[in-house]
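Read the structure below first, then the notes.
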Amino acid sequence: MTNVFSPLNDQPHFIYRVESPVGDELLSAEERLPGVLVYGHQNFSRHWHRLSKIKRDNIGEDINGYDYYKCFVPLNAQWLFEYSLGQQHIIPQVEHAVGPQDIFAWPTEDKDGLAIMADYGRRVTQRMIDTGEVKPFVADLLTDYQARGVYWASTRPWSKLVYPCGAGKTLTAILSSLTRPGPVCVVAPAKARRVWWDQVQEYTNIVPHRVIPRGQMRRGDKTLEDYLVECREEKRRPFVVFGAQSLPDYVGEVASLEPTVLVIDELHTFGQPKRWKAIFNSNGEVEFEKRRTKTDTRETRAVAAMDVSRLPSLALRVGLTATPLDDGRPRRLWSQLDLLAPGAYGMGFGSFAKRYCAAKEGEYGGLDDKGSSHIDELKARTSYLMQEVTHTESHGQLPATRVQVVWLDPSDQNRPAAFKRIIAKAEKEALSSHSEFDQERALEANLMEAASRKRKYVIEEVLEGLRGGGKVVLFTARRQDCEDWAVYVEKALAKEVKQKNFGGRMPKMWWGHGGSDDRDREDMVSEYRTHEGPCLLIGTGQAFGESVDGLQTSDLAIFAMLPWRPGDFEQWKGRFDRIGGRPTLLKVVLARKSYDEKVAGILADKITPIKEFLAAEQYQGMDDKLLGIDDHEKMKASVLSALFGED
């Protein structure tokens, strides 16, 4: 973007010059505003001095004696920076403006502005149709909010699309990616590769390629090398879809592609901020290296995504998600934002956590980042790259998914399965390790016990749905639980068939989870979508509840095991709120006097920060519906951390 020295590289930003002896005040501004970087300079030297590093190395050193200072301020923080210094009567001078052009924040309340954006986006799309890249029918299919998304991507180097599940964000992202010339790289969950491959061909005349790990390739599958050779020979734009799970194995291939556009689907799955590992040398110095997997065979997925997002060839980064705060906490946002706008929200997670997660020193070391703070400020800063589409805007004309929360009294439950030893072991490990991973395992072990209490009711509901000729989906959260449900339901169906129900023929049934082959799961969804007559799909929400298109033809969906993250709940529900669907009844089955009551409290508690950061219409009233009892405050206190002795 510029030949001027700047640590913010290709991010739109301003470089301010301050000649007053106010190093302490400028450092304070940097500490308060993640993304701002302050350097001091002496006229007799060519060396730049990072003020925060100087203070970290020697807290008592004077930083007010430099001849002048330079402040590197990302576009999203410019107004905050000027206001902060203005409060102290410091007037910085803009020395350089690097790439801001006419980039503005999303004009939520400006109806005329939104209409102009939609019109411009349609004209951009029409040019794609005229050049032959996009098929003509897309012009009629495109909604106003999708057209605005195309405009948004065409005028800035990053775009974060926050659309409800099933709102058509894949089409928006495809068109957005075509606003730049050159190769397109898509990073998507493995289960979504087929969706991208299909939709690129459906809406455009581009021939895409989905990279399939060698161990999963079938006869006739084309390699990436062969595909790129064809693109060069036929002078076609490469459009390559990589699976997120295998991305660490393909970082070199992505780099050699030299993409001008990077699209990251389900951006929230990259919410892990830990990319570096501290190495303590014998001389007391600390170095940092990129994190690797436990077997040390490759970099972690978070590190691979970071490497790919910083490729110098990129002119546009697009992120897609329906659930940016998938666990209800702002801590998941930093890495998402950093993949789209590297460095613009802080060079590391620590400063972001202190400002927006109310982070403090943890009882057992590290940062306790489970809180939230300055959310309105964070919303304003992210409005330069984020387009949020409300549920009403996107789903107003779609069949509604009716959510029915069913609380089973103890008298309506069957005896639980034997989980006491499993639960005791999991809770002991969680209490001793204080790790979130072990706490989640303990929580899910308790949820499996609660789910086993609902078996009789759930099986009868499944049978009732099938007897009426309906298509039914049953979601749970653990692989073993999925397999157990498949056995129980199959036995019940066999008994029905013996009694000459279903015409004496077994209804079609599929089951699968994360341990099932990706291609097999794709085939299951494809068959389920087109199947006529009663049928049943049993699966884990992690395997089928995200990035899957095809379950919207369901008549009945049942959550036998409640997901305890708000993002999971919305993603699972979103499989049925989709274009081309039918009205679906979603039954969320909860057992009273069980762990379900605690999880309902966890969900209700975590929905609050989401509603503060997003419009989140789909969550309005959901917390009350899930609680289903009068003592809301008591239930909200039953959050995961409280269960394991933490604040």
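For the reader, a short list of remarks on this structure follows.
- Kirkwood's formula applied to the C-alpha pairs of the chain gives a hydrodynamic radius of 26.7 angstrom.
- Distance from the stretch 351-395 to the stretch 76-96 (C-alpha centre basis), Å: 23
- The stretch 529-555 versus the stretch 54-75: alpha-carbon centroid distance in Å: 57
- Each Lys or Arg adds one and each Asp or Glu subtracts one; over the other residues with Cβ under 12 Å from the Cβ of G468, this totals -1.
- Between the C-alpha center of the stretch 208-230 and that of the stretch 110-151 there is a gap of 32 Å.
- S309 contributes an accessible area of around 0 Å² to the protein surface, as traced by a 1.4 Å probe with all chains present.
- Theoretical ellipticity at 222 nm over the chain - DSSP helices of four or more residues, -39500 (n - 2.57) apiece, nearest 500: -12000 deg cm²/dmol
- The stretch 449-520: relative contact order as a whole-number percent, Cα under 8 Å and 6+ apart: 28
- Under 24 Å from the Cα of K169 - lysines, other chains or at least 8 residues apart: K111, K135, K160, K191, K379, K573, K611
- Residue-count net charge about R180 - beta-carbon cut-off 15 Å; Lys, Arg +1, Asp, Glu -1: +1
- Computed over the chain, relative contact order equals 13 percent, with contacts defined as Cα pairs under 8 Å that lie 6+ residues apart.
- Evaluating 6.51 cos²θ - 1.76 cosθ + 1.60 at θ = phi - 60° for every residue in the stretch 195-202, the Karplus couplings come out as 4, 5, 4, 5, 6, 4, 6, 5 Hz, glycine and proline recorded as x.
- Residues in the chain average 44 Å² of solvent-accessible surface per residue, probe 1.4 Å, ligands and nucleic acids excluded.
- Computed Rg/Rh of the stretch 360-471, alpha carbon atoms with Kirkwood Rh: 1.12
- Lys/Arg +1, Asp/Glu -1 at C-beta; the stretch 162-286 dipole; positive extreme among P181, V207, M217: M217
- Residues with amide H under 5 Å from that of A591, placed H, sequence gap 5 or more: L408, D596
- Net charge of the neighbourhood of Y457, taken over other residues with C-beta under 10 Å away and scored Lys/Arg +1, Asp/Glu -1, is +2.
- The relative contact order of the stretch 1-85 comes to 43 percent, based on Cα pairs under 8 Å that sit 6 or more residues apart.
- Residues W79, W106, ordered by accessible area of protein heavy atoms at a 1.4 angstrom probe radius and largest first, appear as W79, W106.
- The stretch 304-425 shape via C-alpha gyration tensor axes, a/c threshold 1.5: oblate
- If only the Cβ of Lys and Arg carry +1 and only the Cβ of Asp and Glu carry -1, the dipole of the stretch 511-578 around its Cα centre is close to 220 debye.
- Projecting the Cα atoms of Q413, S256, V318 onto the dipole axis of the chain, where Lys and Arg carry +1 and Asp and Glu carry -1 at the beta carbon, places Q413 farthest toward the positive end.
- Comparing H434, F502, L463 along the charge dipole axis of the stretch 426-512, the residue lying farthest to the positive side is F502, per the Cβ-charge model.
- 5 angstrom amide H check on C357, placed H, neighbours 5+ away: S373
- Computed over the stretch 423-577, Kirkwood Rh from alpha-carbon pairs, angstrom: 16.3
- For the chain, size of Cβ-based charge dipole, Lys and Arg +1, Asp and Glu -1, in debye: 1820
- Taking amide H as placed 1.01 Å from N in the peptide plane, A557 has its amide H under 5 Å from the amide H of V473, L585, L586, K587, each at least 5 places away in sequence or on another chain.
The values are calculated or read from the model by the stated rules, or taken from the named source; none is laboratory data. A quick note: this is a predicted structure, and the numbers were derived from the prediction, not measured. Using ideal geometry, Cβ is built from the backbone for each residue, glycine included, and neighbour counts are taken over all protein chains shown. The accessibility values were calculated without ligands, DNA or RNA, using every heavy atom of the protein model including side chains. Shrake-Rupley method; radii C 1.70, N 1.55, O 1.52, S 1.80 Å.
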